[in-house]
1. Go through (1) assigned to a helix (DSSP H, G or I); (2) in contact (Cβ under 8 Å) with a residue 60 or more places away in the chain; (3) closer than 27 Å to Leu400 by Cα and name the single condition Ala347 misses.
2. Here are some residues: Ala350, Ala336, Ala408, Ala362. Which one is among the small types (Gly, Ala, Ser), more than 17 Å from Gly260 (Cβ to Cβ) and buried (at least 17 other Cβ atoms within 10 Å of the Cβ)?
3. Could you identify the single residue in Ala425, Ala402 that is closer than 15 Å to Ala248 by Cα and assigned to a helix (DSSP H, G or I)?
4. Would the stretch 377-389 turn up any residue that is surrounded by 19 or more Cβ atoms within 10 Å (Cβ to Cβ) and over 19 Å from the mean Cα position of the chain (by Cα)?
5. Considering Ala300, Ala293, Ala321, which residue is under 24 Å from Ala42 (Cβ atoms), modelled with pLDDT under 90, in a helix (DSSP H, G or I) and not hydroxyl-bearing (Ser, Thr, Tyr)?
6. Output the residues belonging to the stretch 302-323 that are surrounded by fewer than 17 Cβ atoms within 10 Å (Cβ to Cβ), more than 17 Å from Val351 (Cα to Cα) and not polar (S, T, N, Q).
7. Looking only at the stretch 256-276, which residues are surrounded by fewer than 22 Cβ atoms within 10 Å (Cβ to Cβ) and hydrophobic (A, V, I, L, M, F, W, C)?
8. Taking the stretch 365-387 only, how many residues are at pLDDT below 80 and closer than 14 Å to Phe257 by Cβ?
Amino acid sequence: MSDRWLYAWGLASVAFGGASLVVPLYVVDLGGGPFVLGVLAAVAAVVGVPGALWFGRVADRTGRRRGLVIGALAAATAAVAVVPLTDRIPAVIAANAVVWFAFAAATPVLTLLAVAGAPEAAWSERIAALNRYQGIGWALGLLLGTAWTVGGAAVLSPAAATRSLFAPLAVAGGLSCVAAARTLPADPSEDRAGGPIEVPSGSRVRRAIRRADRFAVRGATLPGSLARTDFRGLHPRRLAARFTPVLAAYFLAVFLFLSGSAAFFAPLPAFLTEVGFGSGGTFALYLVNSVAAAVAFGTAGRLANERSVAGLQVAGLVGRAAVLPLVAVAAPVLGAGALGFVGLGAAFAAVGLSWAVIAVTAGVVVTRLAPPAIRGEALGAHAALGALAGGVGSVLGGWLAAVGYVVAFGAAGALVLVGAAVVFAVDRRTVAPRASD
């Protein structure tokens, strides 16, 4: 199978990466405060779960994966193009929801396309390639936003420069639709001879995802976005019936530290705007965060193989918990000049590094704690829980930021720290029985 269609997903990821920040900045320009940004982020996080579930199951039932992907990309492109045409914040929130519904919907279908027709031994490599194209595209979207808004501010007002960025992002989305229509493989329900092609089973795909999903840069700047998880075999009742107390405790920790991360990122564009960073500076800081996460994934993976996975995650969470409130305290002191950018850039890099550690270790911890019969479903539940935590944390962070950013970012750090304490307790509980044997 040709890999040319991966360039289509890379182009789409440019649009998604840029939209992840330009929409919140546009809402700020329209007068939306931190609570509104919290609602914006919460809606985007929550719509992803039904999007992934619905499209994944429709792809299985109909075999029309190609059409589903093109439809999702077209919907996202249209939504990005529509946003700057309205000055109504509720309409912007609705259009943004369409963008992230489409992103979540396309992700599992693209995973199936990546492995269809390939030998199982090559699945992890193919999913890793899909992740790389997505991660590079996402970072390029943030880079485009940085260059466009900085350059545009020289000839336009800052608000007009931000608003004009939707045009190249929509063009990238439109080009991705054209490229997808020309390069996506034919629907795999039949081969050239008219015979059936095996649909990869959920359990085998999930194993390949666990081995290959090491480039989740989107989560570095968009907490609550769904991991690349196969939801087809998710049966909540069976999962709940076989839950162990230790797995439930770890899921509580996940909810806490992902809620804290979302509480930090949801009102962050409004905070950086108030401190004095323009759209270009904000894009640059987000880019630093994403690049730091991407660069650290390999090292985090090696450390996870050499050391205690839970202990490594606790260290990453404690570091993250310390940095989040520090941003609220340091930014007003450092200001928005060169010193401020360097100082906040270091903080954003640290947040990105911590995300790499958390993302690499989370799936491993869930896999080890879950009973073998429900491991695949536990990973699906973990991804869905992350989306729920993103929604709750975003609203909480926006609400607290309306009181004060120090309060909001302090609460975000506290939630992450409590989550780290729960992970530590879970690790002690699972290690102690083995030590006493």
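The values are calculated or read from the model by the stated rules, or taken from the named source; none is laboratory data. From a predicted model like this one, the values you see are computed outputs, not experimental measurements. Cβ placement follows ideal geometry from the backbone for every residue including glycine, while neighbour counts extend to all protein chains displayed.
1. For Ala347, the exception is condition (2).
2. On the way: Ala350 fails: more than 17 Å from Gly260 (Cβ to Cβ); Ala408 fails: more than 17 Å from Gly260 (Cβ to Cβ); Ala362 fails: more than 17 Å from Gly260 (Cβ to Cβ).
Sole residue among the options that is among the small types (Gly, Ala, Ser), more than 17 Å from Gly260 (Cβ to Cβ) and buried (at least 17 other Cβ atoms within 10 Å of the Cβ): Ala336.
3. Details: Ala402 fails: closer than 15 Å to Ala248 by Cα.
Among Ala425, Ala402, only Ala425 is closer than 15 Å to Ala248 by Cα and assigned to a helix (DSSP H, G or I).
4. yes
5. Ala293
6. Matches in the stretch 302-323: Arg302, Glu306, Arg307, Gly311.
7. Initial filter on the stretch 256-276 (surrounded by fewer than 22 Cβ atoms within 10 Å (Cβ to Cβ)): 273-276.
The one that is surrounded by fewer than 22 Cβ atoms within 10 Å (Cβ to Cβ) and hydrophobic (A, V, I, L, M, F, W, C): Val275.
8. Summing the residues that are at pLDDT below 80 and closer than 14 Å to Phe257 by Cβ in the stretch 365-387 gives 1.
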